[in-house]
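The values are calculated or read from the model by the stated rules, or taken from the named source; none is laboratory data. All figures in this text were calculated on a predicted structure; none of them were measured in a lab. Note that we place each Cβ from the backbone using ideal geometry, even for glycine, and neighbour counts take in every protein chain shown.
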Amino acid sequence: MLVMSAMILAIFFASSELSAGVMLPSDLSPGASYRIAFVTSGVRGAESPHIEAYNNFVSDQAASSPDLAALNTGWRAIVNAAEYVLARDNTFTQDSDLSAPIYNTHGELIATSNTDFWDNSLLSPISYDELGLLIGDVYVATGTDGYGHFEHAGAVGDQVNFPPYYVVGDPHRVVEGLYFNYTIGLAGELFSFYAISGVLTVPNAAAAPELTSFATFGGLAMVCGLGYRRNRR
């Protein structure tokens, strides 16, 4: 039975495709850590200065995907908020935080580490949504540049300028920080948002696969390969 379970998991991670189109990284070994980032298909305004408004929004978007919900992880918005919350702090992607490679929901490597994520360029775009679908022509409210710098004017929830405006990115870009800082959007407009998971771990095929609770955002969550196969029925 143990051999059969290992074979099923090996087949699953070789294909890495989930029922709704979300794809897991296919280049990671059991025990390896990783994170997932996506752009929301849903949109909302960027007037709130409070970071939790955006964390709650992206968490709800992730919960609408059975595949992402099954990861049993926390989700944070990649935004600089006007209440002086840095995207780096909110997403635990400072250089001093636990680091892991970051992938989009199409299984493509975005960045190799926290440092790589904030170096003003990406390896692949964050252009896939919570269902693993390529997003259309949308702007993504971020309030930051490609280095994670904070400018109060242009942060989400900005009330410094009149009329208020927000730094927004293009999810199809990968260079010069344009995925975070492409242009400006105005109050009253609706935007997508970027979300990033907690740190996940590829399960060991020799261990009994099961989901573990994600007590804290910075903790580790085990992905249940057999659970995903049940979702495909």
Q: Name the single residue, out of those in the stretch 33-68 being in a loop (DSSP other than H, G, I, E, B) and polar (S, T, N, Q), that is farthest from Thr201 (Cα to Cα).
A: Ser48
Q: Select from the stretch 145-181 the residues that are part of a loop (DSSP other than H, G, I, E, B), surrounded by fewer than 21 Cβ atoms within 10 Å (Cβ to Cβ) and aromatic (Phe, Trp, Tyr) and list them in ascending order.
A: Tyr147, Phe162
Q. Which condition number in (1) buried (at least 19 other Cβ atoms within 10 Å of the Cβ); (2) at pLDDT below 95; (3) not charged (D, E, K, R) is the one that Tyr194 fails?
A. (2)
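Where residues in the stretch 134-144 are of a type in the set (A, V, I, L, M, F, W, C) and crowded, with 18+ Cβ neighbours inside 10 Å, which of them is farthest from the chain's Cα centre (by Cα)?
Among those residues, the one meeting the criterion is Val138.
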Q: Look at Pro30 and say whether it is in contact with an Asp or Glu (Cβ under 8 Å, 6 or more places away or on another chain) and in a loop (DSSP other than H, G, I, E, B).
A: no
(Q) Where the second residue is of a type outside the set (A, V, I, L, M, F, W, C) and buried (at least 16 other Cβ atoms within 10 Å of the Cβ) and the first is farther than 21 Å from Phe38 by Cβ and free of Cβ contacts under 8 Å to residues at least 40 places away in the same chain and lies in the stretch 174-188, which pairs have Cβ atoms under 9 Å and are six or more apart or on separate chains? (A) Ile184/Gly154; Ile184/Tyr165; Ile184/Tyr166; Leu186/Pro164; Leu186/Tyr165; Leu186/Tyr166
